[in-house]
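> One structure follows; several queries about it will come next.
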Amino acid sequence: MRIPCPYCGSRDLSEFVYHGDAAPKRPDPAAENASELFYTYVYLRENPAGPLRELWYHASGCRSWLIVTRDTRTHDIAGAVLAMESAS
Amino acid sequence: MVERGPLVLRPASAIPELCGSVELSRAWVLACERHPQLATVIAYKGRRADVAARLKDRYALSLPDGPRRATRGASALIGLGPRSWLFQRETGPALEPELSEVLGDAAAVTNQSDGYVVFRLTGPRVRDVLAKGISIDLHDRVFVPGCSVGTTCAHIGVILWRLEDANDVSVFELAVFRSLARSLWHFIEESAAEFGLAVTPAC
Ligand SMILES: [Zn+2]
């Protein structure tokens, strides 16, 4: 599998570290139900069959976090953007 | 009590016993260790334009916006990532304090002169040596002089760039973290053995 890094270009999978679903946002630790929110944030994940926005770290390249849209059924990659330039 | 003289810093070789496998006249691959001054420049959030303007002003260098290497005189600027660069200079006064002053509050400047070891590789078979460890297309027309890349070589993290050709032969430099330099050199020695490797300071 190759990942199209917006900075480096198309690169081999071995240069990247996988993090997972890009959707979960770190909850407010001061919230009243913080422990419940953190349980959800840390452990609960959807397991979709289809396109998923995921965080990948280009550890052996530009050392940037990417958001890669990958189809979990086919490994087709629809695109990749720098996480620092992505709204979410 | 021991009298101490003034501390004089000078480049120390990472591998004092650097040696090749054949004499120069029979070598198809030439290598040497360089001793550039190095510093990383990381632009603070929203300050990229300031960094670009100050480097242009002081060194007449254009900030690469991708994995490329810009040169002007003895100075070079290598794109490492969206907001980070490696400044390289083989001569002149201490680089890091100077850069810190030039860039001020626009960027984090960190001395890397002893952090990385830089090998220069050239010779008619240099691409064959690198191809055994690097998965990047280094073809003459693809990876042209001025290209740079952060990748792995034999599973070791490296920054690789191509200089201008010398006598119609391609010239590459590899920067590697100092503690991994012996491992990378081991790879170079093994990979180049079949072609004949010579170590020459003038490579
Ligand atoms: Zn990258």
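> Mean separation of Cα pairs under 8 Å and 6+ residues apart, divided by the residue count of segment B:37-111: what relative contact order is that in percent? Write out the running numbers ahead of the final one.
Values: 138 pairs, mean separation 31.7, N = 75.
That works out to 42 percent.
> Separate question: For chain A, which cysteines have no second Cys with its Cβ under 4.7 Å from theirs?
Taking the Cβ cut-off of 4.7 Å, the unpaired cysteines of chain A are A:Cys62.
> Now, a different point. Using only Cα atoms, what Kirkwood radius does segment B:107-146 have, in angstroms?
Evaluated on segment B:107-146, it is 12.8 Å.
> Continuing with the same structure: Taking the Cβ-Cβ separation of B:Val22 and B:Asp137 as r and a Förster radius of 35 Å, what is the calculated FRET efficiency to the nearest 0.05?
E between B:Val22 and B:Asp137, to the nearest 0.05, is 0.75.
> OK, next. If you rank B:Arg182, B:Arg125, A:Arg45 by fewest surrounding Cβ atoms within 10 Å, what's the result?
Lowest count first: A:Arg45, B:Arg182, B:Arg125.
> Describe numerically, in nm with one decimal, the distance between label points set 7 Å from Cα along Cα→Cβ at B:Tyr44 and at B:Asp168.
Inter-label distance under the simple model: 5.2 nm.
> Considering amide H positions built from the backbone, and no H for Pro or chain starts, which residues 5 or more places from B:Tyr116, or on another chain, come under 5 Å of its amide H?
Amide H neighbours of B:Tyr116, under 5 Å, 5+ apart: B:Arg178.
> For chain A, what is the relative contact order in percent, using Cα pairs closer than 8 Å and at least 6 residues apart in sequence?
Working: 143 pairs, mean separation 25.2, N = 88.
It rounds to 29 percent for chain A.
> Tell me the mean residue ellipticity at 222 nm calculated for chain B from its helices only (DSSP H runs of n ≥ 4, each -39500 (n - 2.57), averaged over every residue, nearest 500). Intermediate results must be reported in sequence, preceding the final value.
Working: 4 runs with 39 residues, N = 203.
Theoretical 222 nm ellipticity from helices: -5500 deg cm²/dmol.
> Could you list A:Tyr7, A:Tyr18, A:Tyr57 in order of exposure, starting from the residue whose Cβ has the fewest other Cβ atoms within 10 Å? Write out the running numbers ahead of the final one.
Working: A:Tyr7 22, A:Tyr18 11, A:Tyr57 16.
The order, fewest Cβ neighbours first, is A:Tyr18, A:Tyr57, A:Tyr7.
> Among the lysines, which have Cα under 24 Å from the Cα of B:Lys132 when same-chain residues fewer than 8 positions away are ignored?
B:Lys132 reaches no qualifying lysines.
> Something else now. Please compute one quarter of the surface area of the Cα convex hull for segment B:49-159 and express it in square nanometres.
7.7
> Can you pull the one-decimal nm distance between simple spin-label points at A:Tyr41 and A:Arg73, each 7 Å off the Cα toward Cβ?
About 3.3 nm, to one decimal.
> Inverting the mean 1/r over all pairs of different Cα atoms, compute the Kirkwood radius of the protein assembly as shown and quote it in Å.
On the way: mean 1/r = 0.0468 Å⁻¹.
About 21.4 Å for the protein assembly as shown.
> If you take the charge dipole of segment A:2-86 about its Cα centre, with +1 on Lys and Arg Cβ and -1 on Asp and Glu Cβ, which of A:His19, A:Ser35, A:Ile77 is farthest toward its positive end?
The Cα lying farthest towards the positive end belongs to A:Ile77.
> If the viscosity is 1.306 mPa s and the temperature 10 °C, what translational diffusion coefficient in µm²/s does Stokes-Einstein give for segment A:2-86 when Rh comes from Kirkwood over Cα pairs? All intermediate terms of the calculation are to be shown ahead of the outcome.
Details: Rh = 14.0 Å.
It comes out at roughly 114 µm²/s.
> How far is helix A:34-43 tilted, in degrees, relative to the longest principal axis of the Cα atoms in chain A, given as a value from 0 to 90 rounded to the nearest 10?
So the helix axis and the longest Cα principal axis differ by about 30 degrees.
> Would you please state the base-10 log of I(q)/I(0) at q = 0.08, 0.15, 0.19 1/Å for chain B, with intensities from the Debye formula using one equal scatterer on every alpha carbon?
Here the Debye-derived log intensity ratios amount to -0.29, -0.94, -1.36.
> Another question about this same structure. Using a cut-off of 17 Å between alpha-carbon atoms, which aspartates and glutamates can reach A:Lys25, once sequence neighbours fewer than 8 places away in the same chain are excluded?
Output for A:Lys25: A:Glu36, A:Glu46, A:Glu54, A:Glu85.
> What does the net charge come to around B:Ala60 if you take all other residues with beta carbon closer than 12 Å to its beta carbon, with K and R at +1 and D and E at -1?
Here the count lands on +3.
> Now a separate question. Can you give the direction-averaged projected area of the convex hull of the alpha-carbon atoms in segment B:37-111, in nm²? If you can, show how the numbers build up before the last one.
Numbers: hull surface 16.5 nm².
Mean orientational projected area (segment B:37-111, Cα hull): 4.1 nm².
> Measure out, as a whole number of angstrom, how far apart the alpha-carbon centroids of segment B:62-118 and segment A:37-65 sit.
The two parts, judged by their Cα centres, are 33 Å apart.
> Please arrange A:Lys25, B:Lys132 by counting, for each residue, the other beta carbons lying within 10 Å of its beta carbon, fewest first.
A:Lys25, B:Lys132
Read-outs throughout are calculated quantities, based only on the coordinates presented, and are distinct from any laboratory measurement. Quick caveat: nothing in here was measured; it's all calculated off a predicted structure. We place every Cβ from the backbone using ideal geometry, glycine too, and count neighbours over all the protein chains shown.
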